Ligand SMILES: [Fe+2]
């Protein structure tokens, strides 16, 4: 038995309580079809998607990759991974009007999203040697220290219809609450792997999608990739993207009026103020990447990227 979405809740309320939400058909098929055509070009696959398979020795298919790990990153922010290729077709994901409204609704403010376009292609083609099963525990995408309040959330747009056991992302709903509580008690605690935390396994939610469906994910909810072994060999293909605020959140109080859904999703363990600069780790990484780009490419990186992690500072 897997977790079922509570259809009685508005999707933002579902996100607050469960650390995840799904909005069906949020992105127009026209965009998804253009994006799929673009992915076909990028990975050099013109065959029907059910014929895409994991093959050893090809760039598309790293034989050592774990399920869900075929991630092609496109970062507008050079401080994330150095200078990455940009893609004018795929990045239009951020121009989809209903998706943009959803981001604004989550942040409770049409000016809050910082406009930075960082996203990945998440491709998980059929693995003939795989198994039709789901992982029983998950991970979060942070090592030590994990940010307790952070600056945003991620979401995944389905570019293909998928089947159960088709290598879909799974979420362990509600785990954002105990993860955050344990971090509040000990901010240096390692929470990366659920198995190391003592947090009980819960039933996973498998994001079985139709084209244009969007999964929203809390930064502290456990989640997992899975083997791609669906009956009709459908691959999982999605765009996995970040929505960040210009300012990091430094304080939350559930008693405050008019909190946004995103803030409420961080207020489930009571009032909290961060005890240290949560951006410090990213700032150190940014300094290294930008110095490397400027030295190796002999170009000057725009000043705004050097200060991107500092945007919590008022007026910055
Ligand atoms: Fe992850």
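The values are calculated or read from the model by the stated rules, or taken from the named source; none is laboratory data. Note that this is a predicted model, so its numbers are computed, not measured. Every residue, glycine as well, gets a Cβ built from its backbone with ideal geometry; the counts of neighbours run over all protein chains shown.
Could you say whether any residue in segment 269-278 is closer than 17 Å to residue 115 by Cβ, touching a residue at least 60 places away in the same chain (Cβ under 8 Å) and in contact with a helix residue (DSSP H, G or I) (Cβ under 9 Å, 6 or more places away or on another chain)?
Scanning segment 269-278, I find no residue that is closer than 17 Å to residue 115 by Cβ, touching a residue at least 60 places away in the same chain (Cβ under 8 Å) and in contact with a helix residue (DSSP H, G or I) (Cβ under 9 Å, 6 or more places away or on another chain), so the answer is no.
If I ask for residues that are closer than 20 Å to residue 175 by Cα and either over 14 Å from the mean Cα position of the chain (by Cα) or not in a loop (DSSP other than H, G, I, E, B) (or both), which ones from segment 222-239 would you list?
Of everything in segment 222-239, those that are closer than 20 Å to residue 175 by Cα and either over 14 Å from the mean Cα position of the chain (by Cα) or not in a loop (DSSP other than H, G, I, E, B) (or both) turn out to be 223, 224, 226.
Which numbered condition trips up residue 190, out of (1) farther than 21 Å from residue 103 by Cα; (2) surrounded by fewer than 17 Cβ atoms within 10 Å (Cβ to Cβ); (3) away from the ligand (no atom under 16 Å from the Cβ)?
Checking residue 190 against (1) farther than 21 Å from residue 103 by Cα; (2) surrounded by fewer than 17 Cβ atoms within 10 Å (Cβ to Cβ); (3) away from the ligand (no atom under 16 Å from the Cβ), the one that fails is (3).
Kindly establish whether residue 198 is assigned to a loop (DSSP other than H, G, I, E, B), more than 13 Å from the ligand (Cβ to nearest atom), surrounded by fewer than 23 Cβ atoms within 10 Å (Cβ to Cβ) and at pLDDT below 95.
yes
What do you reckon, is residue 164 out of contact with any strand residue (DSSP E or B) (no Cβ under 9 Å at 6 or more places or on another chain), more than 16 Å from residue 274 (Cβ to Cβ) and at pLDDT 95 or above?
So residue 164 fails the test.
Yes/no matrix, rows are residues, columns are (1) away from the ligand (no atom under 15 Å from the Cβ); (2) in a helix (DSSP H, G or I); (3) on the phi < 0 side of the Ramachandran plot:
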| site | (1), (2), (3) |
| --- | --- |
| 99 | yes, yes, yes |
| 104 | yes, yes, yes |
| 129 | yes, no, yes |
| 135 | no, no, yes |
| 150 | no, no, no |
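Among the residues of segment 216-256, which ones are closer than 18 Å to residue 113 by Cα and within 14 Å of the ligand (Cβ to nearest atom)?
Answer for segment 216-256, where residues must be closer than 18 Å to residue 113 by Cα and within 14 Å of the ligand (Cβ to nearest atom): 217, 218, 219, 240, 241, 242.
Of all helices (runs of 4 or more DSSP H) completely enclosed by segment 1-85, which ones contain at least 3 residues that are modelled with pLDDT under 95 and either at positive phi or touching a helix residue (DSSP H, G or I) at 6+ places or on another chain (Cβ under 8 Å) (or both)?
In segment 1-85, 78-81 are the helices (runs of 4 or more DSSP H) which contain 3 or more residues that are modelled with pLDDT under 95 and either at positive phi or touching a helix residue (DSSP H, G or I) at 6+ places or on another chain (Cβ under 8 Å) (or both).
Determine whether residue 164 is under 21 Å from residue 285 (Cα atoms) and either in contact with a helix residue (DSSP H, G or I) (Cβ under 9 Å, 6 or more places away or on another chain) or in a loop (DSSP other than H, G, I, E, B) (or both).
no
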